[in-house]
1. Inside the range 201-242, can you point out the residues that are assigned to a loop (DSSP other than H, G, I, E, B) and farther than 16 Å from residue 177 by Cα?
2. So which of 376, 396 is touching a residue at least 24 places away in the same chain (Cβ under 8 Å) and under 30 Å from residue 341 (Cβ atoms)?
3. May I ask you to say which residue of 29, 66, 33 is over 28 Å from the mean Cα position of the chain (by Cα), over 26 Å from residue 117 (Cα atoms), surrounded by 14 or more Cβ atoms within 10 Å (Cβ to Cβ) and outside the structural domain of residue 490 (by TED's automatic domain parsing)?
4. Within the range 450-523, considering only helices (runs of 4 or more DSSP H) that don't extend past its boundaries, which have at least 2 residues that are over 22 Å from the mean Cα position of the chain (by Cα) and surrounded by 21 or more Cβ atoms within 10 Å (Cβ to Cβ)?
5. Would you call residue 418 outside any strand (DSSP E or B), buried (at least 18 other Cβ atoms within 10 Å of the Cβ) and at pLDDT 95 or above?
6. Just to verify a result, which residue in the range 524-549, among those that are in contact (Cβ under 8 Å) with a residue 12 or more places away in the chain and over 15 Å from residue 488 (Cβ atoms), is surrounded by the fewest Cβ atoms within 10 Å (Cβ to Cβ)?
7. Sort through 124, 174, 180 and tell me the only one that's in contact (Cβ under 8 Å) with a residue 24 or more places away in the chain, surrounded by fewer than 21 Cβ atoms within 10 Å (Cβ to Cβ) and under 15 Å from residue 244 (Cα atoms).
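The values are calculated or read from the model by the stated rules, or taken from the named source; none is laboratory data. Because the structure is a prediction, the values reported are computed rather than measured. Here the Cβ is made from the backbone with ideal geometry for all residues, glycine too, and neighbour counts use every protein chain on show.
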């Protein structure tokens, strides 16, 4: 993709050109590092349209004070026809006010770029592996998985917009004791399908009705062959069939949210390929794994059956943990941590960066797994950044009251139930209306409410209102008379024009909720612009008797709609045309 010079990027380039000129003049030393120079909107919009800290961060190299350097920068910037004013603020910040034509050209840029407006080459084609969901394959997706699923998928969309190549990965935990429980639960349903009365589901097995079809398929495939057989004869087979059935169910549930993974990695296959052994050997070579005895549990007397056992331990205390952590259990099986570090080492072999989306209850393991992955990748001669984003659970309510559990699952509310009731787009956007690490309530009544207080409705209504206006206007949008647009209209352009900058900032921070926040602000700005016409007819978009002004305002509205569509596309949400 070619570099797209949207407004903020263009003015960053102009300031860079000014700094080049100052180097030629000898004001700045040649090749002065500029990595800390920023060009962005000031926190207070009354200070101007853009601000730069160039003088503040480069004054030391110029061997002068920031205000003196700022004066030289401002002298150059004042010659730019698109800069109406360049002012020095405080100790040396520079605030810029742009000429109206700069904003009118940005409106044309939105129209010219269309669906590509806001896309960036920042990622430079680097590969990012994003692992998200990775729910245990023991049942249907529930709302405990939903928020992480949406955050992960929206992050993938955001990174792709920012120029990265993204691999969407799901790690199937099919090697632990929970899949043995699944196989035993499926065997019970298999016996039921063969006509046996099984009574109440025994404690310790999965009780949900979702296993009935699995039992029926097993009965059809194997008949009574394993009805009375010893567990050792059927456990492995039933585990394989049950996990496959659960993964089919999980894929179907995720598809309801518009989520599709590129890669499903199996923990069982990882262990069969001896990947954990290879990771252990590597870490031992680096002195990060040793054989030692875990301390007794702190804060209370150890259990009667506790006894010190020598285990292979990772030196996680070197990375801020309160004790070193075992990578194997006393029976020789890999701990979750031991298998997990090998899995991440495997991922890092094929990616330039790794991102995991985890539930907040895993916060305590972040430091040690990041430390282990850093040791493994750097030891292999690669520095692969690894980031973990933590997501809080969602509290489900209906009119303020906790929601009852699902009959299908037996213990939780399924994702499918929620999506089928309120719709994919409502679920996806709502999950992004708060920072992932903040607590969230999802009230069925409020998320479908047609009011300003519902961010999903308010945003969708803005787009639908724009589409309806364009359809009913009787005049085509036209860019020939954009000089008719005044300060109120240009204020709306300023809001929309933040989009490319927000995309890059959100991608750098790995925070897709920033896109949702931006869209909420843009929708509010458009509704405010629209509502001004209710009080003053001269401010209405459609002006009877003035087709040129009408066409210009329609052009503005159409581009605001384009930016809304682009933002929603990142988040995997449809922009509706009618409500």
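1. Across the range 201-242, the qualifying residues are 201, 202, 207, 208, 227, 228, 229, 230.
2. None of the others qualify; the one that does is 376.
3. So the residue among 29, 66, 33 that is over 28 Å from the mean Cα position of the chain (by Cα), over 26 Å from residue 117 (Cα atoms), surrounded by 14 or more Cβ atoms within 10 Å (Cβ to Cβ) and outside the structural domain of residue 490 (by TED's automatic domain parsing) is 66.
4. Correct list: 455-472, 487-496.
5. Spelling it out, it is not the case that residue 418 is outside any strand (DSSP E or B), buried (at least 18 other Cβ atoms within 10 Å of the Cβ) and at pLDDT 95 or above.
6. Residue satisfying both the conditions and the ranking: 548.
7. The unique qualifying residue is 180.
This table checks each residue for (1) closer than 28 Å to residue 484 by Cβ; (2) in a strand (DSSP E or B); (3) touching a strand residue (DSSP E or B) at 6+ places or on another chain (Cβ under 7 Å); (4) touching a residue at least 12 places away in the same chain (Cβ under 8 Å).
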site	(1), (2), (3), (4)
16	no, no, no, yes
23	no, no, no, no
56	no, no, yes, yes
60	no, no, no, no
70	no, no, yes, yes
85	yes, yes, yes, yes
103	yes, no, no, yes
106	yes, no, no, yes
110	yes, no, no, yes
